[in-house]
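The values are calculated or read from the model by the stated rules, or taken from the named source; none is laboratory data. Predicted model, so just to flag it, every value in this text is computed and none were measured. Neighbour counts run over all protein chains shown; Cβ positions are idealised from the backbone, glycine included.
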Amino acid sequence: MKKYMVSMLALSVLVLSACGNLEESGGKVTTKKTTNDKVVTTGTVSDDSYQALLIDGTYKTSVARTMAANRLNSNYNLENFDRGLIELSKESFKTKDYYLQEGQYLTSEDLKSWLSRETSTNKLGLNPKSEKEPLVLQQIIEKNFLAMDSQKLGGISLGIALNSVDYSTDPATEISDEVIQTQGKKIAAQVIKRVRAIEGVGKNTPIKIGLFKQASKTSVAGGTYFATATSKKGDKLDDWTEVNESYISLATDSSQSLDDGLETKYTDFKRNVQGFFPNLSGFSGTAYYRNDELQQLSIVIESNYYSVSELESFTQFVGSSLSSIFKIEAGVTVQINQLNNTKAVVIKPTGESEITAQVFQ
């Protein structure tokens, strides 16, 4: 597979490299060696994103990675769960001070026992003991933050996903917000105690916890975080703080209440793109709001087929339309798919006007 970068300013296509290499791809991406000459970072696409820490030139995946896949009931929930935790983490672990690393302390064995019901043979289960009660806890994810000056652990963020619907029963059982909130905070208190006991975490490492309400399988917007708390030291959490965030599917009933002009911009963009390339099989947009302000707009365009020349021309047109229509502070990402495989990505970073894109062939 070859990878191309399209600059929407120069309107040209440049071959960058074969897949598998660490490369510059249109943003402010740098590679930096640390003093031990074995650790490098990918740099950042924007000032508001974390640099990932590489060990011996390799991205260090989570030690519980096998438990992360397919635990949530939709890709929409999975993306919001992961991305939302990173956004929450920025409040406590600034991108200019910390590197991001996937979780290295919670193992698959830990999660397997914690996510199950409490039984006589599994005392560590955090789901209700009684089979008559729904399964509330669905998943836990971990992110580590390493201090830039020392590359040592400086903080941990944990996301706790809670079900709004338990699909393990027939028929499925809806779970009230009251139960989700009560059980979520109870589970969080137990998780903090257990994580503190893990070797390498220590008693003084700040640990941030976010509670995530998983939406139903049919939701195309996905779930949201609704509360967060921090344990600065020891195994006690500070007071819980409400999280005000929402994911809104555009051109639906839920988006009719938007009063910031985004719905109109999205409709104009969609009309432009469909007019240029009418043979599209899908077009969807999701807006992410935090504290009632637009943070990110994600658009997915589907087609059953693009020729090489069609894809390059279409990507350039998408970038030009994005640049002329979405003159907004928030970031915008447009994913161009062919039969559910990503063929190109067009990006406007938060706070910037320059549009860049990558075309995959």
Output for Cβ contacts, cut-off 9 Å, separation at least six or different chains, first residue more than 14 Å from Ser74 (Cβ to Cβ) and assigned by TED's automatic domain parsing to the domain that holds Asp239 in the range 213-228, second in a strand (DSSP E or B) and basic (Lys, Arg), reads Tyr225/Lys213; Phe226/Lys213; Thr228/Lys208
Apart from one, (1) among the aliphatic types (A, V, I, L, M); (2) modelled with pLDDT under 95; (3) surrounded by fewer than 19 Cβ atoms within 10 Å (Cβ to Cβ) all hold for Leu124; the odd one out is (2)
Over the range 295-309, the set of residues farther than 30 Å from Thr224 by Cα and surrounded by fewer than 17 Cβ atoms within 10 Å (Cβ to Cβ) is Asn304, Tyr305, Ser307, Val308, Ser309
The residue that is farthest from the chain's Cα centre (by Cα), considering only those in the range 308-342 that are aliphatic (A, V, I, L, M) and outside any helix (DSSP H, G or I), is Leu339
The residue that is surrounded by the fewest Cβ atoms within 10 Å (Cβ to Cβ), considering only those in the range 127-145 that are more than 19 Å from Ile192 (Cα to Cα) and either touching a Cys at 6+ places or on another chain (Cβ under 7 Å) or of a type outside the set (D, E, K, R) (or both), is Ser130
Picked from the range 189-210 (must be within 21 Å of Glu87 (Cβ to Cβ) and not hydrophobic (A, V, I, L, M, F, W, C)), the residue nearest to the chain's Cα centre (by Cα) is Gly210
Query raised in the report: Has the range 171-184 got at least one residue that is assigned by TED's automatic domain parsing to the domain that holds Leu72, touching a residue at least 60 places away in the same chain (Cβ under 8 Å) and under 23 Å from the mean Cα position of the chain (by Cα)?
Result: no
For the range 250-263, pairs from a residue that is farther than 15 Å from Asp292 by Cβ to a residue that is of a type in the set (Phe, Trp, Tyr) and at pLDDT 75 or above, with Cβ under 9 Å and 6 or more apart or across chains, are Leu250/Tyr266; Ala251/Tyr266; Ala251/Phe283
Notebook entry, point to check: Quick check: anything in the range 183-204 surrounded by 15 or more Cβ atoms within 10 Å (Cβ to Cβ), in a loop (DSSP other than H, G, I, E, B) and of a type outside the set (Asp, Glu)?
Noted result: yes
Considering residues that are under 30 Å from Ile299 (Cβ atoms) and in a loop (DSSP other than H, G, I, E, B), the number found within the range 205-252 is 14
Scanning the range 48-75 residue by residue, those closer than 23 Å to Gly155 by Cβ, among the aliphatic types (A, V, I, L, M) and assigned to a loop (DSSP other than H, G, I, E, B) turn out to be Val63, Ala64
From the option list Phe269, Phe283, Phe212, Phe276, single residue qualifying as under 30 Å from Glu178 (Cβ atoms) and among the aromatic types (Phe, Trp, Tyr) is Phe212
Query raised in the report: Mind checking whether some residue in the range 310-321 is within 30 Å of Ala227 (Cβ to Cβ), surrounded by 20 or more Cβ atoms within 10 Å (Cβ to Cβ) and not assigned by TED's automatic domain parsing to the domain that holds Lys90?
Result: no
Listed by first then second residue, the pairs whose first member lies in the range 129-150 and is outside the structural domain of Leu106 (by TED's automatic domain parsing), whose partner is surrounded by fewer than 15 Cβ atoms within 10 Å (Cβ to Cβ), with beta carbons under 7 Å and at least 6 positions apart or on separate chains, are none
Filter the range 42-88 for residues that are within 23 Å of Thr333 (Cα to Cα), modelled with pLDDT under 85 and touching an Asp or Glu at 6+ places or on another chain (Cβ under 9 Å); the one that is surrounded by the fewest Cβ atoms within 10 Å (Cβ to Cβ) is Ser46
Just checking, does the range 76-92 include any residue being outside the structural domain of Gln295 (by TED's automatic domain parsing), free of Cβ contacts under 8 Å to residues at least 60 places away in the same chain, within 23 Å of the chain's Cα centre (by Cα) and part of a loop (DSSP other than H, G, I, E, B)? no
